[in-house]
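Please read the structure below before turning to the comments.
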Amino acid sequence: MLFRKSLGHIGQYFSMSKLIDKSHQNAICLLYHTIKTENSFHTNHLFHTKTIDELEWELDAVAGYFEFVTVEEFLKVKQDPSNNRRVCLLSFDDGLLECKTLIAPLLLKKQIPAIFFFNPEFAKGEKIFFRHLVSYTIAQINQKNNLTDQKKKELFAKLNLFKWSQENELKEFIFQLDNQIFAEFSKLKLFCSVEELLWLRSQGFALGLHTANHPLLTDLTLEEQIEQVRNGIELLQDERIKCFAFPFTDYGIGKDLMAVLKTLFDCSFGCAGLQTSSYKNHFQRIPMDDGSLGSIEKLKEEYLYYSLKKSIGK
Ligand SMILES: [Zn+2]
């Protein structure tokens, strides 16, 4: 991590254009989740989210090197090695409400296409995302004056250990800390509803699936994985290109599930940064809110890391 971070700083001595040309990675996909608002307690402790103004500056900076394109155009460039067009597909994961209220208006103003990956059970209000509850609880504990910093640190570490399959244990743990936290969290509207997602669609944006309720797929049996990736696929009926994005990571995913995805979707996405994939029409995205770097610093870090890996044959 430290090494990668230092690449972000070394990047200032390199030209972005030269890094792109040298790597032959002229079609990239960026991953964001949401933006920071005064109510972002559910995401503040998960991501380095930007404000809407910061997102606009980041996109303006990226636009100096890449042309923002739709999924169709992105695929076209990816599938043709002789196509040198520098293109960037913008993606947002988890279907959070700010995608509709703040991000879509910004993108419409700037005429930037994007794809929004959502979890049908969140959109329908059937499930919560346990990581949002963890972040929200950390924010609440942070405000408590009756706990020492050391005690808070211990609680944050414990909260961050809960897994997707331990949602009930997590709720119980939080209830024991403060029986109001979950009650307050449950009242929040955090996700776009299905209607709001379809509104995004009506505005020209693409929608893609992100599993039913965001598990770490490698924790599940193949049958459970298939159930997760099929759920809600009917909502993509109007998509010309059907897309799927792995929740958390695609690391460790087996060939069997990749074969099933091929029958259901036209392409799939991971979030391992700039790298090529051995699976056809499976692409890695660059996670933009996993650190405090600005967009060009982050891209330079990715390109330098990619070039270094290539130079040692990885
Ligand atoms: Zn996600």
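None of the figures in this text is laboratory data; all of them are computed from the coordinates on show. Quantities reported herein were computed from a predicted structural model and do not represent experimental measurements. Counting neighbours? That spans all protein chains shown, and the Cβs are built from the backbone with ideal geometry, glycine included.
Length gain on complete extension for the stretch Leu161 to Glu56, per 0.36 nm per residue less the alpha carbon to alpha carbon distance? Before the final figure, lay out each step's value.
On the way: separation 105, 0.36 × 105 = 37.80 nm, distance 3.39 nm.
The span from Leu161 to Glu56 would gain 34.4 nm if fully extended.
Rounded, prolate or oblate: pick one for the range 64-218, where a ≥ b ≥ c are the square roots of the eigenvalues of its C-alpha gyration tensor, a/c under 1.5 means rounded, and failing that, prolate if a/b is larger than b/c, else oblate.
Details: a/c = 2.37, a/b = 2.14, b/c = 1.11.
Prolate, because a/c is 1.5 or more and a/b exceeds b/c.
Restricting to bridges with both residues inside the chain, how much of the DSSP beta-bridge set is antiparallel, in percent to the nearest 5?
Working: 1 of 26 bridges.
Percentage antiparallel, nearest 5: 5.
Tell me the relative contact order for the range 130-186 as a rounded percent, counting alpha carbon contacts under 8 Å between residues six or more apart. Intermediate results must be reported in sequence, preceding the final value.
On the way: 22 pairs, mean separation 25.1, N = 57.
Computed value for the range 130-186: 44 percent relative contact order.
Where a Cα-Cα gap under 18 Å defines reach, which aspartates and glutamates qualify for Lys171, not counting those fewer than 8 residues away within the same chain?
Within reach: Glu126, Glu154, Glu184.
Out of residues 5 or more away from Phe68 or on other chains, whose amide H comes under 5 Å of its own, with H placed 1.01 Å from N in the peptide plane?
Close amide H contacts, sequence-distant or interchain: Cys88.
Label-point separation (nm) for Arg201 and Thr249, each offset 7 Å from Cα along Cα-to-Cβ?
The two pseudo-label positions are separated by 3.3 nm.
Placing unit charges on C-beta atoms (Lys and Arg positive, Asp and Glu negative, everything else neutral), compute the dipole magnitude of the range 240-307 about its Cα centre in debye, rounded to 20. Working shown, then result.
On the way: 8 positive and 8 negative charges, 76 e Å.
Here the range 240-307 has a charge dipole of around 360 debye.
Write down the Å³ per residue value for the convex hull defined by the alpha carbon atoms of the chain. Before the final figure, lay out each step's value.
Numbers: hull volume 45.2 nm³, N = 314.
Cα-based convex hull of the chain, divided per residue, equals 144 Å³.
Under the definition of Cα pairs under 8 Å and six or more residues apart, what whole-number percent is the relative contact order of the chain? Don't skip to the answer; put the middle values down first.
Values: 451 pairs, mean separation 78.0, N = 314.
Contact order relative to length: 25 percent.
When the dipole is taken about the Cα centre of the range 130-186, and only Lys, Arg (+1) and Asp, Glu (-1) are charged at their Cβ, what size is it in debye, to the nearest 20? Write out the running numbers ahead of the final one.
Details: 8 positive and 7 negative charges, 39 e Å.
Result for the range 130-186 is approximately 180 debye, rounded to the nearest 20.
Lys and Arg at +1, Asp and Glu at -1: add these up for the other residues within a Cβ distance under 15 Å of Tyr279 and post the number. Mind showing how you got there, number by number?
Details: positive: Lys78, Lys255, Lys262, Lys280, Arg285; negative: Asp250, Asp256, Asp266.
Combined, the nearby Lys, Arg, Asp and Glu give +2.
I'd like the per residue volume of the convex hull spanned by the Cα atoms of the range 136-245, given in cubic angstrom.
Details: hull volume 15.2 nm³, N = 110.
Taking only Cα atoms, the range 136-245 has a hull volume of 138 Å³ per residue.
Summing -39500 (n - 2.57) over the DSSP H runs of n ≥ 4 in the chain and dividing by its residue number, what mean residue ellipticity at 222 nm do you reach, to the nearest 500 deg cm²/dmol? Please list the in-between numbers first.
Details: 15 runs with 138 residues, N = 314.
When only DSSP H runs of four or more count, the value is -12500 deg cm²/dmol.
If you filter the range 1-99 for GluC sites (Glu not before Pro), then keep DSSP loop positions with at most 13 other Cβ within 10 Å, what is left? Display every interim value, and only then the final one.
Numbers: sites: Glu38, Glu54, Glu56, Glu58, Glu67, Glu72, Glu73, Glu98; in loops: Glu38.
Here the sparse-neighbourhood loop sites are Glu38.
With springs only between Cα atoms under 10 Å, which of Ala259, Ala61, Ala245 fluctuates most in a Gaussian network model of the chain?
Ala259
How big is the charge dipole of the chain about its Cα centre, in debye rounded to the nearest 20, if each Lys and Arg gets +1 on its Cβ and each Asp and Glu gets -1 on its Cβ? Don't skip to the end; give the middle numbers.
Details: 38 positive and 40 negative charges, 189 e Å.
Rounded to the nearest 20 debye, it is 900 debye.
Using the basic label-point model (7 angstrom from Cα toward the beta carbon), what is the Ser6 to Ser186 distance in nanometres?
5.0 nm
For the range 1-128, what does the relative contact order come out to in percent, with C-alpha contacts under 8 Å and a separation of six or more?
Values: 131 pairs, mean separation 35.4, N = 128.
Averaging sequence separation for qualifying contacts and normalising by length gives 28 percent for the range 1-128.
Say the cut-off is 31 Å between C-alpha atoms; which of Lys76/Lys309; Lys78/Lys127; Lys110/Lys163 go over it? List each step's numbers first, then the result.
Values: Lys76/Lys309 26 Å; Lys78/Lys127 35 Å; Lys110/Lys163 38 Å.
With Cα atoms farther than 31 Å apart: Lys78/Lys127; Lys110/Lys163.
Based on Cα positions only, what radius of gyration and what Dmax would you give for the range 44-86, in angstroms?
Reported Rg and Dmax, both Å: 14.3, 42.
When the chain is fully extended, how far beyond the present Cα-Cα distance does Leu147 get from Asp21, taking 0.36 nm per residue of separation?
Details: separation 126, 0.36 × 126 = 45.36 nm, distance 5.31 nm.
Computed gain between Leu147 and Asp21 is 40.0 nm.
Once you have a ≥ b ≥ c as the square roots of the Cα gyration tensor eigenvalues for the range 130-186, tell me rounded if a/c is under 1.5, and otherwise prolate or oblate according to whether a/b is larger than b/c. Could you put the intermediate results ahead of the total?
Values: a/c = 1.91, a/b = 1.34, b/c = 1.43.
The shape class here is oblate.
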